[in-house]
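Nothing in this text is a laboratory measurement; each read-out follows from the coordinates by a stated rule. Because the structure is predicted, anything quoted here is derived from the model rather than measured. Neighbour counts run over all protein chains shown; Cβ positions are idealised from the backbone, glycine included.
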Amino acid sequence: MTRVFSLLLASFLAVYLQAQSRDITVDELINNYLEAIGGVENWQKIESMTFAGMTQLQGVYMPATVYYMRPKSFKMVVDVMGKTYIDCTHGDEGWTVNPFMGSAAPQRKSPQDLEMEVNREFENPFIHYKQKGYEVELLGEALVEGMETYQVKLTKEDGREYFYFFDETYFLPVMMRTFIRQGEMEGMPIEVYFSDYEEVGEVVLAYSIEQRLNGQVFMQITADSIILNDPDIRPEMFAFPKDAGADKEKE
């Protein structure tokens, strides 16, 4: 009888401790997450980043390099069968070069194109989120492809909502979801999956990123190398090409 009681007590304590481990506030979760990726101080030392590897589109692998720079600059360059595809955002504007659309001239992005971009900020949105005017809410737990996660809703000043799913053990995000807010695809979910986390200097980054639109994979990229504070990155490389603008004015 004593042995049975001991086993029941041990089982109760295990369940109780497991439940207690999941009793976490949203600020505790965010603090654990920021510490897991290297800490706020180390992240604020980073001004730029180069992410070089391979991207996959419809089963075809292509070399790709992605450049990031504070505060809101992003540029992806992909080598596609000897031609160069460019997707660039600089501040609240953007442009592309798509030689497979009949022209190699840079084209400015439309508001609908920019809406497809889930996050144009270099800095992690959870760093000093209160000072930025963002709101966060812990929605509870959720399964993401069989993994137990905490679900957090982040709302920015413009009202756009982002739903982050953090692994309950390591506090690293495994997925982020948002929704298109305008155009023909209004209401469709955009999801970004993160995996293969590794240390890069003093911080931790995902080496594999997959984007899905309405549940369908439309881009995957896996890094071979990540360079922090890359000296080759300069603001002018993100600006709309001046020659292209001059040619357009002549037309």
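If you keep only loop residues by DSSP, which GluC sites (Glu not before Pro) in segment 41-137 have at most 16 other Cβ atoms within 10 Å of their Cβ? Let's see the in-between values first.
Numbers: sites: E41, E47, E93, E115, E117, E121, E123, E135, E137; in loops: E47, E117, E121, E123.
Qualifying residues, ordered by number: E47, E117, E121, E123.
Build a GNM of the chain with springs between Cα atoms under 10 Å: which of S195, S110, S73 gets the top mean-square fluctuation?
Result for the chain, Cα springs under 10 Å: S110 fluctuates most.
Can you tell which of Y207, Y134, Y150 shows the greatest fluctuation in a Gaussian network model of the chain with Cα springs below 10 Å?
Y134
Size of the dipole of segment 25-250 about the Cα centre, Lys and Arg at +1 and Asp and Glu at -1 on the beta carbon, nothing else charged, in debye to 20? The partial results should precede the final answer.
On the way: 20 positive and 39 negative charges, 190 e Å.
Result for segment 25-250 is approximately 920 debye, rounded to the nearest 20.
Against the longest alpha carbon principal axis of the chain, how many degrees, from 0 to 90 and to the nearest 10, is the axis of helix 26-36 turned?
So the inclination is approximately 70 degrees.
Can you list the lysines whose alpha carbon sits under 29 Å from that of K45, skipping same-chain ones fewer than 8 residues off?
Leaving aside lysines fewer than 8 places away in the same chain, those within reach of K45 are K72, K75, K130, K132, K153, K156.
With the crude spin-label approximation of a point 7 Å out along Cα→Cβ, what separation in nm comes out for L143 versus N124?
According to this spin-label approximation, the distance is 2.9 nm.
Under a 10 Å cutoff between Cα atoms, tell me which one of F165, F122, F74 has the largest fluctuation in the Gaussian network model of the chain.
Between F165, F122, F74, it is F122 that shows the largest mean-square fluctuation.
Could you tell me which of A239, T149, T169 has its Cα farthest along the dipole of segment 121-251 towards the positive end, charges placed at Cβ (Lys, Arg +1; Asp, Glu -1), taken about the Cα centre?
It is A239.
Percent relative contact order of the chain, based on C-alpha pairs within less than 8 angstrom and at least six residues apart? Walk me through the intermediate numbers first.
Values: 439 pairs, mean separation 46.8, N = 251.
RCO, the chain: 19 percent.
Counting pairs of alpha carbon atoms under 8 Å apart in space and at least six apart in sequence, what relative contact order in percent does segment 187-249 give?
Numbers: 68 pairs, mean separation 15.0, N = 63.
24 percent.
Can you tell me, using C-alpha contacts under 8 Å and at least 6 residues apart, the relative contact order of segment 98-199 as a whole percent?
Details: 137 pairs, mean separation 17.0, N = 102.
Computed over segment 98-199, the figure is 17 percent.
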